[in-house]
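Enquirer: Here's a structure for you.
The values are calculated or read from the model by the stated rules, or taken from the named source; none is laboratory data. Predicted model only: the values in this text are computed from it and were never measured. For neighbour counting, all protein chains shown are included, and Cβ atoms are generated from backbone atoms with ideal geometry for every residue, glycine included.
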Amino acid sequence: MKKVTLFLILICFIISANAQVKYIFYFIGDGMGQNQVLATEMYLAELQGKIGTQPLCFTQFPVTGQCTTFSTSNGITDSAAAGTALASGEKTKNSTLGLRPDGKPVYTIAERLRDKGWGVGITTSVSIDHATPAAFYAHVDKRNRYYEIGTQLAQSGFHFFGGATFYQPYPKDKAEWAEKNGREAGSLYELCRDNGYTFARGYENYQNSKDGCDKMILIQPHEGLTDDYKGNGMIPYLIDRKADDLSLTQITEAAIDFLSTRHDRFFLMVEGGAIDWACHSNDAATAIHDVIDFDNAIRLAFEFYLQHPSETLIIVTADHETGGMALGNSDYNLRLQLLQHQKLSVGELSGRLKQLHSSQGKKLQWQTVRQLFTDQLGFYTNVQISPEEDKTMQKQFKQLKKGKAKQVKTLYKQFDGLSAYAVALLNKKAKIGWTTGSHSAAAVGVWAVGAGAERFTGWQDDTQIAPKIIMAAEGQK
Ligand SMILES: [Zn+2]
């Protein structure tokens, strides 16, 4: 009996090792270091009164590895260089996108598979022209040349894009662009339509407009967004999300639906881009919620894998770690469950405070702000606040009222000092440490399941992932 079982396992292994992969899912958690993943699992366990971990879907994949992320210009990579490495297997300088250090364009796995007739989808929770998604289709010397990146998206011939909208639908300096090019710059929306793309705004709109089109761009509807989200190029964080906002899960669902009904083989990249933005703000509760959101998107791919196990490959990794996140900042007293009392991101909190200030002006009382912190962060009720901490907050409140609030600027956002202090205080009490508002050089995790997954085990460099994906796609051993 034992022999028969062993024989069956061997047969399954041989089948999976030789199987022709037809569906490849590449999940990239931007800024999702090992501690971002572990914090999420330990937070979920603490909510159940357990010390330990409550496993996410992807951490249960049978193959695990680790991956180094340095770029050619520094030990700490940015998302452009990291994205280029993950998309093509070639390292480059920070802020360079899709070009080698010598300026020659790389050939990304998405471009290669498109050229071999695969359906290609590129999706994210931030703007579709941001560094990580753009690394799969764009080749520019500076990642912030958003308009140029958008024009390359329009010409990519990829079949599905999903995420928040374009960061800059027009060139930053329209007059300069017109002078240089001898014509007015068209909007990226127009350019994409000219190249055969149909736009859908929101999931419902996708369902109604998908029929009859072969190239689709699914973006967040702009109506109903708060100031913090207007024009900043991301779909709302899970912690801030309202019922009619687009979610990464919906984007992934739409992408799978779109590609699988039109193509025999497809490659889909899904970026959990907002994890990075939350970590740049050192906002643990928001980051943890977005890791959960990312995991929910992965679950959809895993369900797809269960239906096509010998033809599907799922890889999950990160481009780098953001924030230098540590679990522990003083003693043996991790208290992640305190983060459950945070109901919105630091940016939304700052927006609420700004709203209160502009509607009540000089009449705004500390009591009102104190109540806001009780409702949104659990302060003074579930989260104990010391007299000194209270004094610090009241002092900052007085500055805010005078219009002299200090502003805290992160890579993508700006908050008032009081909101930033309050969220930092909650992080400190949960015993989370942050070493930086930027990235760190920490190695990131790699998880894989499906046909050819065994290639992704062990200690590897980010340049090794893309060639392994190509080997799987081409059925090489
Ligand atoms: Zn990144």
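Enquirer: So which residues in the stretch 143-187 are at pLDDT 90 or above and within 20 Å of residue 254 (Cβ to Cβ), if there are any at all?
Expert: Passing the criteria: 153, 154, 156, 157, 158, 159, 160, 161, 162, 163, 164.
Yes or no, residue by residue, for (1) within 16 Å of the ligand (Cβ to nearest atom); (2) outside the structural domain of residue 263 (by TED's automatic domain parsing); (3) without any contact (Cβ under 8 Å) to a residue 24 or more places away in the chain:
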site	(1), (2), (3)
132	yes, no, no
143	yes, no, no
163	yes, no, no
169	no, no, yes
176	no, no, yes
180	no, no, yes
185	no, no, no
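Enquirer: Please enumerate the residues belonging to the stretch 125-141 that are more than 11 Å from residue 97 (Cα to Cα) and part of a strand (DSSP E or B).
Expert: 125, 126, 127
Enquirer: Select the helices (runs of 4 or more DSSP H) contained entirely in the stretch 142-214, then report the ones holding at least 3 residues which are more than 23 Å from residue 92 (Cβ to Cβ).
Expert: Details: elements: 146-154, 174-181, 188-194, 203-209.
Of the helices (runs of 4 or more DSSP H) lying wholly inside the stretch 142-214, those with at least 3 residues that are more than 23 Å from residue 92 (Cβ to Cβ) span 174-181, 188-194, 203-209.
Enquirer: Can you report the number of residues in the stretch 255-274 which are within 16 Å of the ligand (Cβ to nearest atom) and farther than 21 Å from residue 474 by Cβ?
Expert: Looking only at that region, the number is 5.
Enquirer: Could you tell me whether residue 424 is small (Gly, Ala, Ser) and either closer than 30 Å to residue 312 by Cβ or in a loop (DSSP other than H, G, I, E, B) (or both)?
Expert: no
Enquirer: Show the residue pairs that are 6+ apart or on different chains and have beta-carbon atoms under 7 Å apart, the first residue being within the stretch 261-289 and not assigned by TED's automatic domain parsing to the domain that holds residue 136, the second being within 14 Å of the ligand (Cβ to nearest atom) and acidic (Asp, Glu).
Expert: none
Enquirer: Let me spell it out: the conditions are (1) surrounded by fewer than 24 Cβ atoms within 10 Å (Cβ to Cβ); (2) at pLDDT 95 or above; (3) in contact with a helix residue (DSSP H, G or I) (Cβ under 8 Å, 6 or more places away or on another chain), and residue 247 meets all of them except one. Which number is the exception?
Expert: (2)
Enquirer: Just the residues that are within 16 Å of the ligand (Cβ to nearest atom) and in a loop (DSSP other than H, G, I, E, B), please, taken from the stretch 300-320.
Expert: 319, 320
Enquirer: Against the conditions (1) farther than 21 Å from residue 214 by Cα; (2) in contact with a helix residue (DSSP H, G or I) (Cβ under 6 Å, 6 or more places away or on another chain), where does residue 142 fall short? Just the number, please.
Expert: Going through the list (1) farther than 21 Å from residue 214 by Cα; (2) in contact with a helix residue (DSSP H, G or I) (Cβ under 6 Å, 6 or more places away or on another chain), residue 142 breaks only (2).
Enquirer: Could you tell me which numbered condition residue 476 fails, if it satisfies all but one of (1) assigned to a strand (DSSP E or B); (2) more than 24 Å from residue 382 (Cβ to Cβ)?
Expert: (1)
Enquirer: So which pairs qualify, if the first residue must be in the stretch 377-396 and over 12 Å from residue 366 (Cβ atoms) and modelled with pLDDT of 95 or more, the second must be assigned to a loop (DSSP other than H, G, I, E, B) and of a type outside the set (Ser, Thr, Tyr), the Cβ gap must be under 7 Å, and the two must be at least 6 apart or on different chains?
Expert: Between residues of the stretch 377-396 that are over 12 Å from residue 366 (Cβ atoms) and modelled with pLDDT of 95 or more and residues that are assigned to a loop (DSSP other than H, G, I, E, B) and of a type outside the set (Ser, Thr, Tyr), the close pairs are 377/342; 379/385.
Enquirer: In the stretch 435-449, which residue that is within 19 Å of the chain's Cα centre (by Cα) and part of a loop (DSSP other than H, G, I, E, B) is nearest to the ligand (Cβ to nearest atom)? Quick ask: steps written out before the conclusion?
Expert: Here is the first cut: in the stretch 435-449, the residues within 19 Å of the chain's Cα centre (by Cα) are 436-448.
Still in the running and part of a loop (DSSP other than H, G, I, E, B): 436-438, 441-443.
Values: 436: 14, 437: 14, 438: 11, 441: 13, 442: 13, 443: 15 Å.
Result: 438.
Enquirer: Sort through 76, 122 and tell me the only one that's in contact (Cβ under 8 Å) with a residue 60 or more places away in the chain, within 16 Å of the ligand (Cβ to nearest atom) and part of a loop (DSSP other than H, G, I, E, B).
Expert: 76
Enquirer: Give the number of residues within the stretch 409-421 that are buried (at least 21 other Cβ atoms within 10 Å of the Cβ) and in a strand (DSSP E or B).
Expert: Looking only at that region, the number is 2.
Enquirer: Something else now. Just wondering, is there one or more residues in the stretch 47-69 that are touching a residue at least 24 places away in the same chain (Cβ under 8 Å), assigned to a loop (DSSP other than H, G, I, E, B) and within 16 Å of the ligand (Cβ to nearest atom)?
Expert: Checking the stretch 47-69: at least one residue is touching a residue at least 24 places away in the same chain (Cβ under 8 Å), assigned to a loop (DSSP other than H, G, I, E, B) and within 16 Å of the ligand (Cβ to nearest atom).
Enquirer: Listed residues 81, 85, 39; which is touching a residue at least 24 places away in the same chain (Cβ under 8 Å), within 16 Å of the ligand (Cβ to nearest atom), crowded, with 18+ Cβ neighbours inside 10 Å and part of a helix (DSSP H, G or I)?
Expert: 85
Enquirer: Has the stretch 101-119 got at least one residue that is in contact with a Gly (Cβ under 7 Å, 6 or more places away or on another chain), modelled with pLDDT of 95 or more and either outside the structural domain of residue 276 (by TED's automatic domain parsing) or within 16 Å of the ligand (Cβ to nearest atom) (or both)?
Expert: Checked against the condition, which is being in contact with a Gly (Cβ under 7 Å, 6 or more places away or on another chain), modelled with pLDDT of 95 or more and either outside the structural domain of residue 276 (by TED's automatic domain parsing) or within 16 Å of the ligand (Cβ to nearest atom) (or both), the stretch 101-119 yields no hits at all.
Enquirer: Looking at 345, 359, which is the one that is touching a residue at least 40 places away in the same chain (Cβ under 8 Å) and of a type outside the set (D, E, K, R)?
Expert: Answer to the selection: 345.
Enquirer: So is residue 252 within 16 Å of the ligand (Cβ to nearest atom), more than 23 Å from residue 379 (Cα to Cα) and modelled with pLDDT of 95 or more or not?
Expert: no
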